[in-house]
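No value in this document is a laboratory result; all are computed from the given coordinates. This one's a predicted model, so the numbers in the text were calculated from it and none came from an experiment.
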Amino acid sequence: MNLLTSFLLGIIQGLTEFIPVSSTAHLLIGQTLLGIPSDDATFAFLVIVQLGTIVSLIVYFWKDLWEIIRAMFSPVSYRKPYDPEKEESETYKKRKRSEANARLGWCILIATIPALLAGYFLKDEVKLLFRQPLIEAAIRLLAAAFLMLLAEWIGKRSRRLRTITWFDALVIGLFQILAVFPGASRSGTTISGGMLRGFHRRSSARFAFLMSIPVMLAAGGYEMFDVLKMPELTSFLLPMAVGFVTAGVIGWFVVKWLLGYLTGHSLYPFAAYCAIAGAVCLALSRLL
């Protein structure tokens, strides 16, 4: 893999990781069109380049993450809330924010468990699916399109993230299992899961992004062990760094844009795009 190829794949990763159109599917399509072989080095690159976009998420949400972590380990968060009639209103608001952040943090952990277990036990099977990239991309793109259409049709979109429960987190976490497989849209499936639980689009997206951080860090960290064992590691490091940085820079801007977009727009354009792209992948799989 040369520098130009890794740069192009980094652009694809950064543009598509957070937009619900499946970054993996587009990387698989790019891999096919650029003539990149489906080997262990390519699989490792496709996983590790995601770390670039994860860094962009951590940078974007660093303040939220710090407040969540601090609240999770603060005993104050788990005491009875102050009575607003007896305490100063600002003190009461701070207590309520701390409680909400603590609950959100534990819900993020609950939501990551299904995908972590699926990724661990299905790792070898997932690698095999990368041997037929266009077919797998088509299947996952069409599945994402269906889920987003379903979420728009029946999702009530009446809840905010502060009302999340452990059961909501578990259900959304089950949707994230689909993202373990190549071609599945992590953001598309998890945002749809949140909307099907009644959350607003923006709240669903925010939770989807936050819950993806532990899973993607774990996946990238686990894959690093295989990368360190590669005999051609020296020649692989520079292309990996180019893809990592490119994906991270672009990913930050995409997160910012998407959260603003979902405030007043639906998922229908993304669902239509996934349906069309999935159909094109099926057609190309028969021609190439």
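What the table below lists for this structure:
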{"read-out": "Length added when fully stretched, Ser38-Ser158, from 0.36 nm per residue minus Cα-Cα", "value": "38.8 nm"}
{"read-out": "Mean shadow area of the stretch 151-288 over all directions, Cα convex hull, nm²", "value": "10.7 nm²"}
{"read-out": "CD proxy at 222 nm, helix term only [per DSSP H run n ≥ 4: -39500 (n - 2.57); per residue of the chain; nearest 500]", "value": "-25000 deg cm²/dmol"}
{"read-out": "Stretchable slack from Thr234 to Trp106, in nm (0.36 nm times residue separation minus alpha-carbon distance)", "value": "42.1 nm"}
{"read-out": "Whole-angstrom gap from the stretch 261-280 to the stretch 143-211, using each part's C-alpha centre", "value": "15 Å"}
{"read-out": "For the stretch 1-61: span of alpha carbons on each principal axis (Å, largest first)", "value": "36, 20, 19"}
{"read-out": "Whole-Å distance, taken between Cα centres, linking the stretch 51-74 and the stretch 4-36", "value": "25 Å"}
{"read-out": "Nearest 10 degrees, 0 to 90: helix 186-196 Cα axis against the chain principal axis", "value": "40 degrees"}
{"read-out": "For the stretch 152-219, alpha-carbon Rg relative to the globular expectation (2.2 N^0.38 Å, N residues)", "value": "1.03"}
{"read-out": "Structure-derived semi-axes √(5λ) of the Cα gyration tensor in Å: which label, when the choices are (1) 28, 21, 18; (2) 30, 27, 18; (3) 35, 22, 16", "value": "(3)"}
{"read-out": "Non-local Lys pairs in the chain, i.e. 8 or more apart or on different chains, that have alpha carbons under 19 Å apart", "value": "11"}
